[in-house]
Number of protein chains: 2
Amino acid sequence: MPATTPARRTDTRPGGRSARVRAAVHQAVKELLTEEASELTIPVVATRAGVHPTTVYRRWGSVGELLADVATSRFSGDIVVPDTGSLRADLERYAADLARDLSDPDTLALVRAIVGAGGDGASVCRGERQRQLEAILEREQGRGHQAPTLERAVDALLAPLYYRAVFTDRSPTPEWARTLVTHLLPG
Amino acid sequence: MPATTPARRTDTRPGGRSARVRAAVHQAVKELLTEEASELTIPVVATRAGVHPTTVYRRWGSVGELLADVATSRFSGDIVVPDTGSLRADLERYAADLARDLSDPDTLALVRAIVGAGGDGASVCRGERQRQLEAILEREQGRGHQAPTLERAVDALLAPLYYRAVFTDRSPTPEWARTLVTHLLPG
DNA sequence: TTACTAACGCAATGATCACTGCGAGACCTG
DNA sequence: CAGGTCTCGCAGTGATCATTGCGTTAGTAA
């Protein structure tokens, strides 16, 4: 175990070739997901990444696990939880950021692929978001104010955002995301 | 063109072998979708259906088109729009029915596969539902009462139902679906 | 620098897939 | 019942995929 973990958890030789291969494969997956014409298969991903297919088979095993790995590194720490002091402002900014994130075609394609790949990957997309939302709500409660329950906030904010992004062809806009907050909070 | 369309739109020889093959293939797809271990590929589907793979290749071409076809026949006319005379009761019953529908593992697996398969198929799952919801709202307006906009109802009802079904491991229950209606309608 | 371990590239194998003429059988029409 | 048309099954082909053993290279530690 190294004394100071270098802020990465790639495990087993974080620096050097392994990390480069990992980054190249992740990048290849993201690229291929946008080009929906091509099939997302291990040899195709490996060729695009300039890596031998054997490497991908050994490190990830299947397309599903590879997608889950890409998703975890994609949905971790990319959106900072806002802290403006006001619950409404926090939620509005967070919803707007999330709308921008889900408007990105790459992200959207990744989410769709994760959903289609299997069961466990889907919770990866929502887990981090739900925790962030929970943090906002708990902070408001810590201020001594009332706040909606997490379930209610998920239904009113996360659900419409993801639904619109995944099931419709209209991208969620930041402005529309703010109206969701208006409907959630009374007044 | 036949004089009286027999309430089916299978096109080109609705009765007989073609219809049987179509039904068998559809059933095979539904079965294989529940067994998520197996890959959903044309030869596998054909073998399960007791049909030669060539037939499936010629009729549907790809897995994506096959899934879209299964989805259209699955999401058409399976839920009757309630008409109780009260908007709240209509929405509560409709949401509860939809929750029951989305709790079915077969339906859920189909939705997830459709989302992952490509772009156009996803709207098939929601298009019929949104039209049904619109019908309920317009009927209430026809009674001279105020009703939420379609967009608002979609965000408050359809989105949480689909989000919970697809992205979480908790099935939506009819009771919880009714609470969504409570949150949508004032009072 | 040197030795050790882990990750990668290479080549080969069997299996599965996607696709295409061809002939036989089933279905509708007169 | 007879003719025409459409669909299906069959067999074969090339391509791609998933997997394995082995040698080489890169990264780590003494």
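Yes or no, residue by residue, for (1) under 20 Å from B:PHE75 (Cα atoms); (2) assigned to a helix (DSSP H, G or I); (3) near DNA strand C (Cβ under 9 Å from one of its atoms):
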position: B:ARG22; (1), (2), (3): yes, yes, no
position: B:VAL25; (1), (2), (3): yes, yes, no
position: B:LEU33; (1), (2), (3): yes, yes, no
position: B:ALA37; (1), (2), (3): no, no, no
position: B:PRO43; (1), (2), (3): no, yes, yes
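Go through the range A:115-130 and give me each residue that's over 14 Å from A:LEU157 (Cβ atoms) and not polar (S, T, N, Q).
Across the range A:115-130, the qualifying residues are A:VAL115, A:GLY116, A:ALA117, A:GLY118, A:GLY119, A:ASP120, A:GLY121, A:ALA122, A:VAL124, A:CYS125, A:GLY127, A:GLU128.
When you scan the range A:82-91, how many residues do you find that are touching a residue at least 40 places away in the same chain (Cβ under 8 Å) and open to solvent by 50 Å² or more (accessible area, probe 1.4 Å)?
Total meeting the criteria: 2.
I need every pair where a residue in the range A:137-164 that is facing another protein chain (nearest Cβ under 8 Å) has its Cβ under 9 Å from the Cβ of a residue that is loosely packed, with under 12 Cβ neighbours inside 10 Å, sequence separation at least 6 or different chains.
Hits for this filter: A:ARG164/A:ARG170.
Which of the numbered conditions does A:SER103 fail, given that it passes all the others? Conditions: (1) under 29 Å from B:SER62 (Cβ atoms); (2) under 13 Å from the mean Cα position of the chain (by Cα); (3) within 14 Å of chain B (Cβ to nearest Cβ).
A:SER103 satisfies all of (1) under 29 Å from B:SER62 (Cβ atoms); (2) under 13 Å from the mean Cα position of the chain (by Cα); (3) within 14 Å of chain B (Cβ to nearest Cβ) except (3).
Any chance you could count how many residues in the range B:141-156 are under 22 Å from A:VAL181 (Cβ atoms), hydrophobic (A, V, I, L, M, F, W, C) and in contact with a Lys or Arg (Cβ under 9 Å, 6 or more places away or on another chain)?
Qualifying residue count for the region: 1.
Every residue in the range B:19-40 that is under 20 Å from A:GLY64 (Cβ atoms) and near DNA strand D (Cβ under 10 Å from one of its atoms), please.
If the condition is that a residue be under 20 Å from A:GLY64 (Cβ atoms) and near DNA strand D (Cβ under 10 Å from one of its atoms), then B:GLU39 is the only one that fits.
Return a yes/no flag: does the range B:38-55 have any residue that is farther than 24 Å from B:GLU128 by Cα and either assigned by TED's automatic domain parsing to the domain that holds B:GLY144 or in contact (Cβ under 8 Å) with a residue 60 or more places away in the chain (or both).
Yes - at least one qualifying residue is present in the range B:38-55.
Residue check, B:ALA46 against (1) open to solvent by 40 Å² or more (accessible area, probe 1.4 Å); (2) within 16 Å of DNA strand D (Cβ to nearest atom), all met but one. Which one?
(1)
How many residues, within the range A:165-181, are within 13 Å of A:LEU91 (Cα to Cα) and either away from chain B (no Cβ under 11 Å) or crowded, with 22+ Cβ neighbours inside 10 Å (or both)?
6
Can you name the residue in the range A:125-136 that is open to solvent by 30 Å² or more (accessible area, probe 1.4 Å) and of a type outside the set (Asp, Glu) and is also farthest from the other protein chains (Cβ to nearest Cβ) among such residues?
The residue in question is A:ALA135.
Residues checked against (1) crowded, with 18+ Cβ neighbours inside 10 Å; (2) assigned by TED's automatic domain parsing to the domain that holds A:LEU33; (3) within 24 Å of B:ASP120 (Cβ to Cβ); (4) under 14 Å from the mean Cα position of the chain (by Cα):
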site: A:SER76; (1), (2), (3), (4): no, no, no, yes
site: A:ALA109; (1), (2), (3), (4): yes, no, yes, yes
site: A:SER123; (1), (2), (3), (4): no, no, no, yes
site: A:GLN141; (1), (2), (3), (4): no, no, no, no
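Report, by residue number, each residue of the range A:114-166 that is of a type in the set (Lys, Arg) and in contact with a helix residue (DSSP H, G or I) (Cβ under 9 Å, 6 or more places away or on another chain).
Across the range A:114-166, the qualifying residues are A:ARG126, A:ARG129, A:ARG139, A:ARG143, A:ARG152, A:ARG164.
The values are calculated or read from the model by the stated rules, or taken from the named source; none is laboratory data. Computed from a predicted structure; not experimentally measured. Using ideal geometry, Cβ is built from the backbone for each residue, glycine included, and neighbour counts are taken over all protein chains shown. Side chains included, ligands, DNA and RNA excluded: accessible areas come from the protein's heavy atoms. Shrake-Rupley method; radii C 1.70, N 1.55, O 1.52, S 1.80 Å.
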